[in-house]
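Colleague: Submitted below is the structure of interest, expressed as structure tokens.
The values are calculated or read from the model by the stated rules, or taken from the named source; none is laboratory data. Just so you know, these numbers come straight off a predicted model, no measurement behind them. Methodologically, a virtual Cβ is constructed for each residue, glycine included, from the backbone with ideal geometry; neighbour enumeration extends over all protein chains shown.
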Amino acid sequence: MRVKLKWVLRDKDRHGKRRYYFRKPGQKMIRLPDDPSTLEFLTAYNLALSGETKPPAPRNSVAYVDKTSLRWLAERYYASADFRRLGKRTQHVRRLILDSMLTKHGDKPYKLLEPKHIRALRDEKIDAPEAGNARVKALRQIFKFAIENDHHNRNPADDVSYFSKEGEGFHAWTLDEVETFEKRHPIGTKARLALALLLYTGQRRSDVVLMGRQHVRDGWLTMTQAKNRRKKPVVISIPIVPQLEKVIAASPCGDITFLITAFGKGFTPEGFGNWFRDRCNEAGLKHCSAHGLRKATASRLAELGCSTQEIMAITGHTTLKEVERYTAAARRKILAESAMAKFSEEE
């Protein structure tokens with residue numbers, strides 16, 4: 001459907017190329033971009049309509065930020081309770097995602113954004129699907145904030161789907177790979193302690209780096225998971241199995257956290273991930289990762305016949321969908337074994 005914009009004139013140059021102008025009585029005629037289907041055109045039109053003839057000042061300028069721009073909406077969002085209630089790590093990542101889009105699109109009017117524009121932003125990351133999905137998620141949140149605070153009446157990102165996930169995600173360690181790592185890093189080493197904490201608790205690296213003796217009482221490890229700690233905290237209580245207890249007792253540990261750096265300080269999640277990656281490489285397991293151990297724990301529990309709810313009690317997942325994504329392959333293996341057992345009984 002075509003929409004006729006008020007005070008927009010169209011003509012052709014001597015080469016037959018169409019040109020567009022904004023001409024409002026009492027204002028100087030303004031040349032508009034050549035393609036009326038683009039956000040650049042709509043931005044220029046919106047500025048001309050408001051009497052502006054120059055683009056807004058850069059973000060780091062002390063000049064006024066256009067209240068119709070996506071940058072203005074983002075700054076309101078950053079200052080909101082919704083954003084400040086997010087964990088520090090989540091805030092940092094979301095800022096990076098949104099700011100990467102604001103660099104190019106921050107001056108565009110957010111009320112003119114349509115699903116097709118959100119889809120185009122997603123598709124810019126076609127070679128990195130998770131990054132594309134992260135853009136959609138971040139934009140959904142910023143427009144949700146806009147609706148709740150009467151800045152807008154719709155969420156164009158809601159109508160944009162995520163890229164479908166390809167493959168099985170992080171590789172889940174096999175028992176043979178665990179044994180290979182253990183042979184390279186014996187009990188008493190920091191690497192073996194890290195493996196044991198990841199494997200026998202099923203927690204994320206952001207939780208493992210925080211674990212310490214203060215979380216252990218009467219043979220149980222109890223702590224609040226780092227993810228969504230400030231928004232939707234999840235407290236997990238896990239019995240410490242003998243294998244983990246043995247490794248902790250034989251390992252050098254810090255005063256506050258079990259795992260410490262060479263400088264005697266606690267790891268950051270990112271620093272730990274990089275450090276553990278090096279330990280995997282030393283064992284010849286270049287395709288393995290810290291997150292893959294969390295997946296391996298969930299998968300192994302499924303293979304042992306644990307229910308989804310039992311697995312959720314260990315991993316701290318809050319929805320069935322999340323944990324089933326981890327255990328799908330293990331469940332199929334169990335069903336296949338059961339099916340073939342029945343088949344054998346027919347012989």
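Colleague: Quick one: would you say Lys190 is closer than 30 Å to Glu114 by Cα, assigned by TED's automatic domain parsing to the domain that holds Ile314 and either out of contact with any strand residue (DSSP E or B) (no Cβ under 7 Å at 6 or more places or on another chain) or modelled with pLDDT of 95 or more (or both)?
Modeller: In short, no.
Colleague: Looking at the range 265-279, can you tell me whether even one residue there is surrounded by 17 or more Cβ atoms within 10 Å (Cβ to Cβ), in contact (Cβ under 8 Å) with a residue 40 or more places away in the chain and touching a Phe, Trp or Tyr at 6+ places or on another chain (Cβ under 6 Å)?
Modeller: The answer is no, given that none of the residues of the range 265-279 is surrounded by 17 or more Cβ atoms within 10 Å (Cβ to Cβ), in contact (Cβ under 8 Å) with a residue 40 or more places away in the chain and touching a Phe, Trp or Tyr at 6+ places or on another chain (Cβ under 6 Å).
Colleague: Go through the range 120-137 and count every residue that is more than 12 Å from the chain's Cα centre (by Cα) and either under 14 Å from Ser100 (Cβ atoms) or at pLDDT 95 or above (or both).
Modeller: Of the residues in that region, 5 qualify.
Colleague: Could you list, in sequence order, all residues of the range 262-283 that are out of contact with any helix residue (DSSP H, G or I) (no Cβ under 7 Å at 6 or more places or on another chain), more than 16 Å from Asp207 (Cβ to Cβ) and not hydrophobic (A, V, I, L, M, F, W, C)?
Modeller: The answer is Gly264, Lys265, Asn274, Arg277, Asp278, Asn281.
Colleague: Further question on the same structure: Go through the range 217-247 and count every residue that is more than 21 Å from Ser289 (Cα to Cα) and not in a strand (DSSP E or B).
Modeller: 14
Colleague: Among the residues of the range 97-116, which ones are touching a helix residue (DSSP H, G or I) at 6+ places or on another chain (Cβ under 7 Å) and farther than 17 Å from Asn153 by Cα?
Modeller: Ile97, Leu98, Met101, Leu102, His105, Gly106, Asp107, Lys108
Colleague: Shifting gears a bit: Report, by residue number, each residue of the range 94-125 that is touching a residue at least 12 places away in the same chain (Cβ under 8 Å) and aliphatic (A, V, I, L, M).
Modeller: Of everything in the range 94-125, those that are touching a residue at least 12 places away in the same chain (Cβ under 8 Å) and aliphatic (A, V, I, L, M) turn out to be Ile97, Leu98, Met101, Leu102, Leu112, Leu113, Ile118, Leu121.
Colleague: Return a yes/no flag: does the range 300-320 have any residue that is closer than 26 Å to Lys88 by Cα, among the hydrophobic types (A, V, I, L, M, F, W, C), touching a residue at least 12 places away in the same chain (Cβ under 8 Å) and touching a Ser or Thr at 6+ places or on another chain (Cβ under 9 Å).
Modeller: yes
Colleague: Given the conditions (1) more than 22 Å from His287 (Cβ to Cβ); (2) part of a loop (DSSP other than H, G, I, E, B), which single one is not true for Gln214?
Modeller: Against the list (1) more than 22 Å from His287 (Cβ to Cβ); (2) part of a loop (DSSP other than H, G, I, E, B), Gln214 comes up short only on (2).
Colleague: Applying the selection to the range 120-133, what residues are buried (at least 17 other Cβ atoms within 10 Å of the Cβ) and within 26 Å of Pro36 (Cβ to Cβ)?
Modeller: Listed by number, the residues that qualify are Leu121, Arg122.
Colleague: Please specify each residue of the range 167-208 satisfying the condition of being hydrophobic (A, V, I, L, M, F, W, C) and over 21 Å from Tyr326 (Cβ atoms).
Modeller: Within the range 167-208, Ile187, Ala191, Leu193 meet the criteria.
Colleague: Tell me, which helices (runs of 4 or more DSSP H) wholly within the range 253-337 include 2 or more residues that are out of contact with any His (no Cβ under 7 Å at 6 or more places or on another chain) and modelled with pLDDT of 90 or more?
Modeller: 269-282, 290-303
Colleague: Is it the case, given these coordinates, that Phe181 is under 30 Å from Leu198 (Cβ atoms), of a type in the set (A, V, I, L, M, F, W, C) and assigned to a loop (DSSP other than H, G, I, E, B)?
Modeller: In short, no.
Colleague: Looking only at the range 138-183, filter to residues that are among the basic types (Lys, Arg) and surrounded by 16 or more Cβ atoms within 10 Å (Cβ to Cβ); which one of those is nearest to the chain's Cα centre (by Cα)?
Modeller: Here the residue is Arg140.
Colleague: Something else: Taking only the range 1-27 into account, find how many residues are under 18 Å from Leu42 (Cα atoms) and outside any strand (DSSP E or B).
Modeller: Count: 9.
Colleague: Follow-up. In this structure, does Tyr200 turn out to be under 15 Å from the mean Cα position of the chain (by Cα), more than 22 Å from Asp82 (Cα to Cα) and of a type in the set (Ser, Thr, Tyr)?
Modeller: no
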